[in-house]
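Below is one structure; the comments refer to it alone.
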Amino acid sequence: MSGIDSTARVEKGAVIGKDVLIGPYCVVGANVTLGDGCRLLSHVSVTGHTTIGARTTVYPFASLGGPPQSLSYKGEPTRLEIGEDCIIREGVTMNCGTAGGIGVTRVGDRGFFMAYSHVAHDCTVGNDVIFANSATLAGHVEVGDFVFIGGLSAVHQFTRVGTQAMVGGLTAVRGDVIPFGVVNAVSGTLEGLNVVGMRRRKFTRERLHAVRAFFRKLFHGPGAFADRLAEIEPDSARDPAIAEITAFIRAADKRPIAMPGTAAPPAD
């Protein structure tokens, strides 16, 4: 049984699942699909070709499925896809894709998007992410699973943020962040590994030791970075996390890899 407030506007053609709540003054467009158990609390705008997965809760003044903020957009029917069990807080914005990009903006399951965070056109965001207040993605950004992006941070277009990476608050991310990496400060330098997150994902002491040793050799060893990568790439067989970091670096395309500053390597 769906509950639609008398002040809400749901356009003909919208697909509304079971047990959906659409609160006061919400607007739901004709090309929107709301999964079972979705809750739009009040003053929510969902437009465009937008799909929201089951049991996702959207707080007041969020705007989902609006046109991409791109001068190339000419009204093409691009899409926004949001997964299940997400929490989307006040003032969050997520835009549809562009015809010149991949045509769709995708957000995974169980994401927690705090107030005024933004997912731009053609982004792909993984599962179990956390975006703190006003965390912002530019267009064409790829974010892996279990990523945390700190408040008031901004990620440059075409940048990749690897699985379980952590971006500190007030950080300008201008280079690809390796899986399990930590970047911080205005310059977006790579500070080390997200050890706290790795422990939460049940990494053993032996796995942490192996990945930390790999990190020190790769980012703080002697010689050119490319030579160090080639030399220690066989270590990928030691642990899936090392293999993921190596594959991520090898797949670099639009943006450089975020690198450490002049600080000493992290202690083991």
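Read the figures in this text as sums done on the coordinates, not as results from a lab. Every value quoted in this text rests on a predicted model; they were computed, and no experiment measured them. Methodologically, a virtual Cβ is constructed for each residue, glycine included, from the backbone with ideal geometry; neighbour enumeration extends over all protein chains shown.
Given the C-alpha centroids of region 27-74 and region 161-178, what is the distance between them in whole angstrom?
27 Å
Under the definition of Cα pairs under 8 Å and six or more residues apart, what whole-number percent is the relative contact order of region 1-90?
Result for region 1-90 is 22 percent.
Could you list Y59, Y73 in order of exposure, starting from the residue whose Cβ has the fewest other Cβ atoms within 10 Å?
Placing the least packed residue first, the sequence is Y73, Y59.
Could you please report the charge total around H156, scoring K, R as +1 and D, E as -1 over all other residues with beta-carbon less than 11 angstrom from its beta-carbon?
So the surrounding residues net to +3.
Given the rule -39500 (n - 2.57) for each run of at least 4 DSSP H residues, summed and divided by the residues of the chain, what is its mean residue ellipticity at 222 nm, to the nearest 500 deg cm²/dmol?
One gets -4500 deg cm²/dmol as the mean residue ellipticity at 222 nm.
Can you give me the distance in nm between label points at R199 and A213, each placed 7 Å from the Cα along the Cα-to-Cβ direction?
2.1 nm
So if each residue of separation counts as 0.36 nm, and I subtract the Cα-Cα distance between E76 and H220, what length gain in nm does that give?
In short, 47.1 nm is gained.
Please sort 204-210, 119-125, 88-94, 183-189 by packing, taking for each peptide the average over its residues of neighbouring beta carbons within 10 angstrom, highest first.
119-125, 88-94, 183-189, 204-210
Counting only pairs 8 or more places apart or on different chains, how many lysine pairs in the chain have C-alpha atoms closer than 28 Å?
Lysine pairs satisfying the spacing and distance rule in the chain number 4.
Determine the shape class of region 3-120: with a ≥ b ≥ c the square roots of the Cα gyration tensor eigenvalues, call it rounded for a/c under 1.5, and otherwise prolate if a/b is greater than b/c, oblate otherwise.
prolate
What label, among [x] 31, 24, 15; [y] 36, 20, 17; [z] 38, 18, 15, belongs to semi-axes √(5λ) of the Cα gyration tensor in Å computed from the structure on display?
The listed entry that was calculated here is [z].
Using the number of other C-beta atoms within 10 angstrom as an exposure proxy, rank R201, R250 with the fewest first.
Final ranking by Cβ density, sparse to dense: R250, R201.
Evaluate the distance, in nm, between pseudo-label points positioned 7 Å from the Cα of A247 and of R9 along their respective Cα→Cβ axes.
The answer from the label model is 4.7 nm.
So between Q157 and A237, what do we pick up on full extension, going 0.36 nm a residue minus the alpha carbon distance?
The span from Q157 to A237 would gain 25.6 nm if fully extended.
Give, as ranges by residue number, the residues of region 32-48 whose backbone N falls under 12 Å from the point 7 Å along Cα→Cβ of D19.
The answer is 36-39.
What's the FRET efficiency of T57 with L170 using the Cβ-Cβ distance as r and R₀ = 45 Å, to the nearest 0.05?
Efficiency, rounded to the nearest 0.05: 0.95.
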